[in-house]
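Notes follow the structure.
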């Protein structure tokens, strides 16, 4: 297991090594895996719904106003996370994904820790997220970081909504 202090978390876009291709690849993997897990497997990104394909092809526009964090091990993009712009003291974490070959190295913890620190500095008092119920490892991580299940704000079945006060 790699010490998570070896994971560099950078804000995108920014003064970082070029990460666009790596970010697009992570977002593609996230959406393709999610669709497969939901039983709606598609062959490639062209089969994804338009809104997901837009995140992959033009993340700068898709996440305009949001904060995109990218995790690097050396100069390799290995994880990403999106934090929505604060609204009424609340922000939402979306698209947390770690490359499967880099799991167990503290990547997701580093991304979440950075995200929570940044939103707290912006005056956010509640952070929420949603996760598919079959992603038990992610749920366990969120619970370790103080997130608790809450009443759903999303009508999709099998989606667990969680939040944490800061």
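The values are calculated or read from the model by the stated rules, or taken from the named source; none is laboratory data. From a predicted model like this one, the values you see are computed outputs, not experimental measurements. FYI the Cβ positions are ideal-geometry reconstructions off the backbone, even for glycines, and counts take in every protein chain you see.
Condition first: in contact with a strand residue (DSSP E or B) (Cβ under 8 Å, 6 or more places away or on another chain) and closer than 27 Å to residue 36 by Cα. Can you find one or more residues in segment 115-126 that meet it?
Within segment 115-126, none of the residues are in contact with a strand residue (DSSP E or B) (Cβ under 8 Å, 6 or more places away or on another chain) and closer than 27 Å to residue 36 by Cα.
In the set 93, 139, which member is touching a strand residue (DSSP E or B) at 6+ places or on another chain (Cβ under 9 Å) and in a strand (DSSP E or B)? Don't jump to the end; show me each part of the working.
Numbers: 139 fails: in a strand (DSSP E or B).
None of the others qualify; the one that does is 93.
If you scan segment 1-25, which residues turn out to be in contact with a helix residue (DSSP H, G or I) (Cβ under 9 Å, 6 or more places away or on another chain), part of a helix (DSSP H, G or I) and at pLDDT 80 or above?
Result: 20, 23, 24, 25.
Checking the conditions here, which among 107, 160 is buried (at least 21 other Cβ atoms within 10 Å of the Cβ) and within 16 Å of the chain's Cα centre (by Cα)?
107
Of the residues that make up segment 46-68, is at least one surrounded by 14 or more Cβ atoms within 10 Å (Cβ to Cβ), part of a strand (DSSP E or B) and under 13 Å from the mean Cα position of the chain (by Cα)?
yes
Could you say which residue among 131, 124, 82 is surrounded by fewer than 24 Cβ atoms within 10 Å (Cβ to Cβ), assigned to a loop (DSSP other than H, G, I, E, B) and modelled with pLDDT of 95 or more?
Values: 131 fails: assigned to a loop (DSSP other than H, G, I, E, B); 82 fails: assigned to a loop (DSSP other than H, G, I, E, B).
From the options 131, 124, 82, the qualifying one is 124.
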